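Colleague: Below is one structure. I have some questions about it.
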C-alpha cells in the first residue's frame, strides 16, 4: 500500500534537520578552532582546547573532525563554496572582462583567508608533507581542488566563447590554480600595508597573462 505524500515528507524532514544540525555543529567547531589558531597557532592548539571552546565533549569533536587537518580541509571547503555562491550572485562581474573576473575572484579568496594568516602559513607548510591530508597528492585535497578547478574551467570556457582568449582546455584551470598558490605564497611574505604589493602583482600578472594569450598579445 502506498503511503500518502504527507507521510513521505514527514519522514524526510528529520533527516534534513539532522544534517542541518550537523553542519551548524561543524561550523561552531571551526569558529572555535580558528579563534584558538589565531591565539596559539595551529601546532599550539589542542583538540581539548577546541572542544572546550566550542562547548562540546572531545569525543564529539572527533565524530566530526578526526584531526586538525580535517578542520583545515573544512575551512577550505567553506571557502570554495562561499566563492562559488558569491560569484553566482555577482551579475555585473559575470559580464566583466576575464582579467577583472579573475582579479575579483582571487581577491575574494585573499579576503577570506586574511584574518587567519598564521594559520594559512602553517597549513601551507603541512601541505608540503607527502603524508598530510593537506598535500596536493592526498585524495581529500584533490576532491576539494577539483570543485575549484571546475569552477575556474567554466569561467575560462566563457572567455573562450567571447573570443577573449584562444581555446586552452583544462590546462587553463590548472594554470590558474597554480597561479593562485603562487599569489598566496607572495601574500604570506608581503609586509606592505594592506598587502598592496600582492594586489599590484595580481593585477599586472592577470592583465599580462590574458594579453599574451590573445593574438598580437605583445601589443600591450
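Colleague: Could you grab the pairs with beta carbons closer than 7 Å, sequence gap of 6+ or different chains, first residue in region 36-59 and on the phi > 0 side of the Ramachandran plot and in contact (Cβ under 8 Å) with a residue 40 or more places away in the chain, second one surrounded by 13 or more Cβ atoms within 10 Å (Cβ to Cβ) and part of a helix (DSSP H, G or I)?
Modeller: 41/118; 41/122
Colleague: Given the options 153, 135, name the one that is in a helix (DSSP H, G or I), surrounded by 13 or more Cβ atoms within 10 Å (Cβ to Cβ) and in contact with a helix residue (DSSP H, G or I) (Cβ under 8 Å, 6 or more places away or on another chain).
Modeller: The unique qualifying residue is 153.
Colleague: Here are some residues: 101, 66. Which one is under 25 Å from residue 115 (Cα atoms) and surrounded by 14 or more Cβ atoms within 10 Å (Cβ to Cβ)?
Modeller: Going through 101, 66 in turn, just one is under 25 Å from residue 115 (Cα atoms) and surrounded by 14 or more Cβ atoms within 10 Å (Cβ to Cβ): 101.
Colleague: Okay, moving on. Please name all residue pairs, on different chains or six or more residues apart, with Cβ atoms under 6 Å, provided the first residue is in region 198-209 and is farther than 12 Å from residue 106 by Cα and the second residue is part of a helix (DSSP H, G or I).
Modeller: 207/99
Colleague: Here is a list: 79, 58. Which entry is over 26 Å from the mean Cα position of the chain (by Cα) and modelled with pLDDT of 90 or more?
Modeller: Details: 79 fails: over 26 Å from the mean Cα position of the chain (by Cα).
Result: 58 is the single residue among 79, 58 that is over 26 Å from the mean Cα position of the chain (by Cα) and modelled with pLDDT of 90 or more.
Colleague: Please work out if residue 124 is in contact (Cβ under 8 Å) with a residue 12 or more places away in the chain and surrounded by fewer than 17 Cβ atoms within 10 Å (Cβ to Cβ). Break it down into steps so the answer makes sense when it comes.
Modeller: Values: in contact (Cβ under 8 Å) with a residue 12 or more places away in the chain: yes; surrounded by fewer than 17 Cβ atoms within 10 Å (Cβ to Cβ): yes.
In short, yes.
Colleague: Which of the residues that make up region 166-188 are within 11 Å of residue 213 (Cβ to Cβ), modelled with pLDDT of 90 or more and surrounded by 15 or more Cβ atoms within 10 Å (Cβ to Cβ)?
Modeller: 172 - this is the single residue of region 166-188 that is within 11 Å of residue 213 (Cβ to Cβ), modelled with pLDDT of 90 or more and surrounded by 15 or more Cβ atoms within 10 Å (Cβ to Cβ).
The values are calculated or read from the model by the stated rules, or taken from the named source; none is laboratory data. Only a predicted model underlies this, so the values are computations on that prediction, with no experimental measurement involved. Cβ sites come from the backbone with ideal geometry, for glycine too, and all protein chains shown count toward neighbours.
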